[in-house]
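Okay, so here's the structure we're looking at.
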Amino acid sequence: MQNITDEELNKLEQAHLDFISTVSHELRTPLTSIRGFADTLLSSHDKLSPEQREKFLLIIKEQANRLIGLVENLLTVSKMQSNKELLVYKATDVTSIIDCVIQIIKNQYKMHKYTVSYAKNLPKILIDTDKFQQILINLLDNASKYSPENSEILIKAEQNFNDNTVIISVKDNGIGINKEDIDKIFNKFSRIDSPLTRKIQGNGLGLYITKTLVEKMDGEITVESSTQGSTFTVIFKAATPEDSGIKKIKE
Ligand code: ADP
């Protein structure tokens with residue numbers, strides 16, 4: 001076992017305490033709101049109009065969904081950090097997964113326009129398909145929630161013949177990310193606080209999970225952003241002919 005200095009131990013303990021404090025805060029906010037609206041519904045049921053009752057019930061449901069999202073993300077982070085999760089790699093056609101993820105996302109964001117552009121004869125990539133789907137869901141979910149309704153989101157898949165990689169990008173026309181904030185967005189629980197983001201729900205775990213999964217599968221993730229919108233790009237090596245159809249299990 002590796003020796004650890006007192007200073008390193010203190011840092012680890014502090015990180016652990018910070019984590020508990022952040023998670024507690026993230027849990028308390030929706031729970032307080034659920035309890036408040038449930039209390040009002042119980043104590044003033046007769047005085048509320050049917051519209052008010054429905055509005056309060058919808059808030060309770062939305063806050064419960066927020067909690068479920070947080071708990072799911074926390075479980076993913078815990079599995080990733082314990083390194084006990086096996087990834088099942090298979091040579092995969094990315095376009096079919098992108099099409100499937102767009103259908104899932106469209107269900108939630110009905111007003112956005114999702115456009116795809118796929119290069120011809122795109123090679124397969126060696127990935128765990130569930131994890132790759134999770135990566136795309138996170139990127140498309142962010143592209144949708146940080147951009148106006150009715151705006152276009154462009155998903156491209158192309159090949160770089162120089163280094164034989166497949167490049168998948170998600171481009172939105174949304175609020176963008178300031179230069180000084182770009183490095184922070186991949187950190188655990190990192191959310192950019194601005195009048196534009198404050199109204200949008202999130203827990204700051206999505207991009208941390210996304211980057212960790214991309215890098216676990218030997219890929220790379222980059223982001224470019226301006227006030228006109230953001231483009232998140234993930235790059236994976238193309239599968240070799242020997243990989244085709246093969247399932248490999250790696251940690
Ligand atoms: P969240 O749950 O807050 O969306 P993420 O980890 O997915 O957490 O993203 C971290 C932060 O990065 C977000 O809170 C937001 O400020 C910023 N961000 C992520 N994606 C986009 C995007 N497509 N456009 C603008 N800002 C984004």
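Testing E180 on (1) in contact (Cβ under 8 Å) with a residue 24 or more places away in the chain; (2) away from the ligand (no atom under 12 Å from the Cβ); (3) of a type in the set (D, E), one condition comes back false. Which one is that?
The failed condition is (1).
May I ask you to verify whether A64 is in contact with a Gly (Cβ under 8 Å, 6 or more places away or on another chain) and surrounded by 11 or more Cβ atoms within 10 Å (Cβ to Cβ)?
Considered against the rule, which asks whether it is in contact with a Gly (Cβ under 8 Å, 6 or more places away or on another chain) and surrounded by 11 or more Cβ atoms within 10 Å (Cβ to Cβ), A64 comes out as no.
If I ask for residues that are of a type in the set (A, V, I, L, M) and more than 11 Å from the ligand (Cβ to nearest atom), which ones from segment 188-213 would you list?
Correct list: L213 only.
A64 is checked against (1) touching a Pro at 6+ places or on another chain (Cβ under 8 Å); (2) in contact (Cβ under 8 Å) with a residue 40 or more places away in the chain and fails just one. What number does that condition carry?
(2)
Specify which of the listed residues (K216, K171, K156) is touching a strand residue (DSSP E or B) at 6+ places or on another chain (Cβ under 6 Å), more than 13 Å from the ligand (Cβ to nearest atom), among the charged types (D, E, K, R) and touching a residue at least 40 places away in the same chain (Cβ under 8 Å).
Selected residue: K156, the only one of K216, K171, K156 that is touching a strand residue (DSSP E or B) at 6+ places or on another chain (Cβ under 6 Å), more than 13 Å from the ligand (Cβ to nearest atom), among the charged types (D, E, K, R) and touching a residue at least 40 places away in the same chain (Cβ under 8 Å).
Given the condition closer than 18 Å to E215 by Cβ and either of a type in the set (A, V, I, L, M) or surrounded by fewer than 17 Cβ atoms within 10 Å (Cβ to Cβ) (or both), answer yes or no: does some residue in segment 148-158 qualify?
No, segment 148-158 contains no residue that is closer than 18 Å to E215 by Cβ and either of a type in the set (A, V, I, L, M) or surrounded by fewer than 17 Cβ atoms within 10 Å (Cβ to Cβ) (or both).
Which of (1) more than 14 Å from the chain's Cα centre (by Cα); (2) farther than 26 Å from H25 by Cα; (3) outside any loop (DSSP other than H, G, I, E, B) is the odd one out, the single condition V214 does not satisfy?
Looking at each condition in turn, V214 falls short on (1).
Between residues in segment 73-93 that are assigned by TED's automatic domain parsing to the domain that holds A238 and residues that are aromatic (F, W, Y), which pairs lie under 9 Å by C-beta distance while being six or more apart or on different chains?
T92/F132
One residue is enough: does segment 214-225 have a residue meeting the conditions among the polar types (S, T, N, Q) and under 29 Å from E62 (Cα atoms)?
no
How many of the residues in segment 104-151 are acidic (D, E) and in a loop (DSSP other than H, G, I, E, B)?
Total satisfying the criteria: 2.
The values are calculated or read from the model by the stated rules, or taken from the named source; none is laboratory data. The structure presented is a predicted model; accordingly, all values stated were derived computationally and were not measured. Heads up, the Cβs are rebuilt from the backbone with ideal geometry, glycines too, and the neighbour counts pull from every protein chain shown.
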